Amino acid sequence: MPFTPADALKALSAVSSLIDGTALIYNKYNLEPVVGSLAFQELQTEPYKCEVNDSHARGLLAIESASDHLMVVADAFSPPAKTIAPWTCVRGLMEACAIALWLLDPAIDAKTRVGRTFAYRYWGFKEQLKLFKISEDQPDGDKIIQRMDEVERRALALGYLPVLTKNGERNGIGQQMPSIVGLMKETLDMEKDYRLLSAVAHCHDWATHQIGFQLIEVTNSAGEKIKALEKKLHPDLVFYAMLVAVPTYCKTLWSLWQYFGWDSDDLISLFEQIYDRVGFSTPLRFWRQ
């Protein structure tokens with residue numbers, strides 16, 4: 001059925017309910033894994049338990065980032081609606097969820113999780129160094145390199161192999177970090193959607209024209225009929241945004257719940273209500289599988 005403006009407002013309201021409902025369940029557990037869960041067991045596992053705790057902290061922070069982006073998506077699409085900025089927030093949500101899914105994956109063991117966390121930290125070190133290089137802040141840059149050396153020594157002490165280029169230069173810690181596009185493919189299988197939203201974020205006109213404008217005919221000062229662009233948010237595009245953002249966010253929460261051993265009944269009930277309100281069909285309800 002066609003997705004109407006009324007449907008769009010209903011879907012956006014459902015997003016707010018998803019955030020609020022999640023927070024109520026989320027806070028009940030005080031962000032701690034249940035005794036006996038995989039996450040709890042890994043926190044008892046030597047010699048990885050300190051690094052596993054670090055994995056949890058970074059993954060949970062990524063979920064907080066995803067929640068923030070999702071709230072802004074709902075706000076930005078609500079009247080008076082913006083037609084371009086919300087898409088960069090959907091993209092940011094995808095990135096945050098991909099990182100959280102990669103770090104908090106319940107299908108991997110502690111050693112793999114810690115290796116991924118080392119790789120993620122190395123990526124962060126490299127980005128900080130780029131920033132300090134631009135600002136010519138050498139002392140702070142040196143501190144980052146020293147910290148990177150310390151983290152690499154810890155990884156080597158845990159048995160991880162050096163990650164080197166062909167020239168023998170450091171190119172990672174613990175393991176090679178996938179590109180963000182690689183993470184999209186590995187964790188969400190949404191490379192196509194991510195590339196489209198990246199094109200919007202990078203202001204490629206072919207993308208922004210299609211997703212944020214409509215073609216109209218106007219009369220110029222010479223009295224001639226010409227084609228022009230007018231900002232337009234089609235309800236179907238709001239549905240597409242929901243189709244990308246909501247399942248991505250929900251799958252990330254589902255992964256956390258499985259890994260931390262939290263009771264999924266309340267979460268499933270919330271998901272069912274939200275999917276009903278947005279208008280998602282049964283095949284999209286991954287928790288039933």
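Mind checking whether some residue in region 87-95 is surrounded by fewer than 21 Cβ atoms within 10 Å (Cβ to Cβ) and more than 13 Å from the chain's Cα centre (by Cα)?
Looking for residues that are surrounded by fewer than 21 Cβ atoms within 10 Å (Cβ to Cβ) and more than 13 Å from the chain's Cα centre (by Cα), one finds none in region 87-95, hence no.
I need the full set of residues from region 56-84 which are surrounded by fewer than 19 Cβ atoms within 10 Å (Cβ to Cβ), part of a helix (DSSP H, G or I) and among the hydrophobic types (A, V, I, L, M, F, W, C), in order please.
Selection gives 57, 60, 61, 71, 72.
Is there any pair with a first residue in region 185-209 that is within 13 Å of residue 85 (Cα to Cα) and a second that is surrounded by 18 or more Cβ atoms within 10 Å (Cβ to Cβ) and aromatic (Phe, Trp, Tyr) whose Cβ atoms are under 7 Å apart and which are 6 or more apart or on different chains, and what are they?
197/87; 200/87
Only helices (runs of 4 or more DSSP H) wholly contained in region 85-202 count here; list those with 1 or more residues that are within 21 Å of residue 246 (Cβ to Cβ).
85-103, 180-183, 191-201
How many of the residues making up region 99-122 are touching a helix residue (DSSP H, G or I) at 6+ places or on another chain (Cβ under 7 Å) and of a type in the set (S, T, N, Q)?
So the count comes out to 1.
Which of the residues that make up region 146-163 are under 29 Å from the mean Cα position of the chain (by Cα) and either among the small types (Gly, Ala, Ser) or surrounded by fewer than 14 Cβ atoms within 10 Å (Cβ to Cβ) (or both)?
147, 149, 150, 155, 161, 162
What are the residues in region 164-180 that are closer than 26 Å to residue 85 by Cβ and surrounded by 14 or more Cβ atoms within 10 Å (Cβ to Cβ), if any? Steps first, answer last, please.
Our first condition is that a residue be closer than 26 Å to residue 85 by Cβ; within region 164-180, this holds for 179-180.
If the condition is that a residue be closer than 26 Å to residue 85 by Cβ and surrounded by 14 or more Cβ atoms within 10 Å (Cβ to Cβ), then 180 is the only one that fits.
Go through (1) of a type outside the set (D, E, K, R); (2) at pLDDT below 95; (3) more than 23 Å from residue 105 (Cβ to Cβ) one by one and return the number of the condition residue 289 breaks.
Of everything listed in (1) of a type outside the set (D, E, K, R); (2) at pLDDT below 95; (3) more than 23 Å from residue 105 (Cβ to Cβ), residue 289 misses just condition (3).
How many residues does region 152-163 contain that are over 16 Å from residue 50 (Cβ atoms) and in contact with a Gly (Cβ under 6 Å, 6 or more places away or on another chain)?
Count: 1.
Mind checking whether some residue in region 223-238 is crowded, with 17+ Cβ neighbours inside 10 Å, at negative phi and touching a residue at least 60 places away in the same chain (Cβ under 8 Å)?
Initially, region 223-238 is screened for residues crowded, with 17+ Cβ neighbours inside 10 Å, giving 233, 237-238.
In the following step, the residues that additionally are at negative phi were identified as 233, 237-238.
Now narrow it down to the ones that are touching a residue at least 60 places away in the same chain (Cβ under 8 Å): 233, 238.
Yes, region 223-238 contains at least one residue that is crowded, with 17+ Cβ neighbours inside 10 Å, at negative phi and touching a residue at least 60 places away in the same chain (Cβ under 8 Å).
I want to confirm something. Restricting to region 1-50 and keeping residues that are among the hydroxyl-bearing types (Ser, Thr, Tyr) and over 18 Å from residue 277 (Cβ atoms), which single residue is surrounded by the most Cβ atoms within 10 Å (Cβ to Cβ)?
Start the filter on region 1-50 by keeping residues that are among the hydroxyl-bearing types (Ser, Thr, Tyr), which leaves 4, 13, 16-17, 22, 26, 29, 37, 45, 48.
In the following step, the residues that additionally are over 18 Å from residue 277 (Cβ atoms) were identified as 26, 29, 37, 45, 48.
Numbers: 26: 18, 29: 15, 37: 18, 45: 13, 48: 21.
Within region 1-50, the match that is surrounded by the most Cβ atoms within 10 Å (Cβ to Cβ) is 48.
Spot the failing condition for residue 279; the list is (1) surrounded by 13 or more Cβ atoms within 10 Å (Cβ to Cβ); (2) under 19 Å from the mean Cα position of the chain (by Cα), and only one is missed.
(2)
Just checking, how many residues over region 125-166 are among the small types (Gly, Ala, Ser) and either in contact (Cβ under 8 Å) with a residue 60 or more places away in the chain or out of contact with any Lys or Arg (no Cβ under 9 Å at 6 or more places or on another chain) (or both)?
So the first thing to find is which residues in region 125-166 are among the small types (Gly, Ala, Ser), and the list is 135, 141, 155, 157, 159.
When the remaining residues are screened for being either in contact (Cβ under 8 Å) with a residue 60 or more places away in the chain or out of contact with any Lys or Arg (no Cβ under 9 Å at 6 or more places or on another chain) (or both), the result is 135, 155, 157.
The number of residues fulfilling the criteria is 3.
Residues checked against (1) over 30 Å from residue 157 (Cβ atoms); (2) polar (S, T, N, Q); (3) modelled with pLDDT under 95:
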{"site": "18", "(1), (2), (3)": "yes, no, no"}
{"site": "29", "(1), (2), (3)": "yes, no, yes"}
{"site": "35", "(1), (2), (3)": "no, no, no"}
{"site": "46", "(1), (2), (3)": "no, no, yes"}
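Just to be sure I understand, how many residues within region 203-225 are in a helix (DSSP H, G or I) and not hydroxyl-bearing (Ser, Thr, Tyr)?
We begin by selecting, within region 203-225, every residue in a helix (DSSP H, G or I); these are 205-212.
Subsequent filtering for residues that are not hydroxyl-bearing (Ser, Thr, Tyr) retains 205-207, 209-212.
Residues meeting the conditions: 7.
When you go through (1) free of Cβ contacts under 8 Å to residues at least 40 places away in the same chain; (2) charged (D, E, K, R); (3) farther than 30 Å from residue 30 by Cβ one by one for residue 265, which number turns out not to apply?
All conditions are met except number (3).
Which residues, counting only those in region 244-266, are at pLDDT below 95 and aliphatic (A, V, I, L, M)?
If the condition is that a residue be at pLDDT below 95 and aliphatic (A, V, I, L, M), then no residue fits.
If the Cβ limit is 7 Å and pairs must be 6+ apart or interchain, which residue in region 275-289 that is basic (Lys, Arg) pairs with which residue that is surrounded by fewer than 16 Cβ atoms within 10 Å (Cβ to Cβ)?
So the pair list comes out as 277/10.
Is it the case, given these coordinates, that residue 149 is among the charged types (D, E, K, R) and within 20 Å of residue 51 (Cα to Cα)? Please lay out each step first, then the result.
Details: among the charged types (D, E, K, R): yes; within 20 Å of residue 51 (Cα to Cα): yes.
Yes, satisfied.
The values are calculated or read from the model by the stated rules, or taken from the named source; none is laboratory data. Just so it is clear, the structure is predicted and the values come from calculations on it, not from any experiment. Neighbour counts run over all protein chains shown; Cβ positions are idealised from the backbone, glycine included.
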